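The values are calculated or read from the model by the stated rules, or taken from the named source; none is laboratory data. Source: prediction; values computed, not measured. All Cβ positions, glycine included, derive from the backbone under ideal geometry; neighbour counts span all protein chains shown. These accessible areas exclude ligands, DNA and RNA; they are computed on the full protein's heavy atoms, side chains included. Shrake-Rupley method; radii C 1.70, N 1.55, O 1.52, S 1.80 Å.
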Amino acid sequence: MSGEPAAHQVIAPDVKLGRNVRIHAFVSLYGCEIGDETRIGPFVEVQKGVKIGELCKISSHTFICEGVTIESEVFVGHGVTFINDRHPRATNSAGHLKTDADWNCQTTLVKRGASIGSGATLLGGITIGENAIVGAGSVVTRDVPANATVTGNPAKPREAQSRK
């Protein structure tokens, strides 16, 4: 991507964009890195410290929070939510609004070639293996092995279905 951000885009000056990154309207990017040839759909937020690899497709209405790393060739469907805090609270034990010092950011790794279906929610502290598939609407609470397909709430491996 070159030039100034289009109308209705917020791209902070600390964002590192690779070659030929395509960013649609109503996108908010700050403190992140986006690899070459990646496409970011409309209504997506990518927070500080996030790294997204090359040749990824991030579909509309997706939220990618601090602590997430997405390797190359990953598909993220519409309305996917990443979570980095399993015990969220607005205030600390003293009753003051929490700051960065009051919580521990959990990391999530999505490995090369994985696909995450629309509407999925991924809790922090997990790894999605290479070429794994997370079914639409799934809630992922544990690691997903390479090449596995998981579905449901909580997401569990699907049994291989025979073809007749």
Per the filter on the range 103-135, residues modelled with pLDDT under 95 and under 15 Å from residue 70 (Cβ atoms) are none
Among residues belonging to the range 38-55 that are in a loop (DSSP other than H, G, I, E, B) and under 11 Å from the mean Cα position of the chain (by Cα), point out the one that is surrounded by the fewest Cβ atoms within 10 Å (Cβ to Cβ).
47
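Scan the range 66-94 for residues that are without any contact (Cβ under 8 Å) to a residue 24 or more places away in the chain and either touching a Ser or Thr at 6+ places or on another chain (Cβ under 9 Å) or open to solvent by less than 50 Å² (accessible area, probe 1.4 Å) (or both) and jot them down.
Residues of the range 66-94 without any contact (Cβ under 8 Å) to a residue 24 or more places away in the chain: 87-94.
The one that is without any contact (Cβ under 8 Å) to a residue 24 or more places away in the chain and either touching a Ser or Thr at 6+ places or on another chain (Cβ under 9 Å) or open to solvent by less than 50 Å² (accessible area, probe 1.4 Å) (or both): 92.
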Residue satisfying all of: in the range 143-164; assigned to a loop (DSSP other than H, G, I, E, B), over 23 Å from residue 73 (Cβ atoms) and not hydroxyl-bearing (Ser, Thr, Tyr); least open to solvent (accessible area, probe 1.4 Å) among these
152
Is there a residue being crowded, with 18+ Cβ neighbours inside 10 Å, assigned to a loop (DSSP other than H, G, I, E, B) and modelled with pLDDT of 95 or more anywhere in the range 1-14?
no
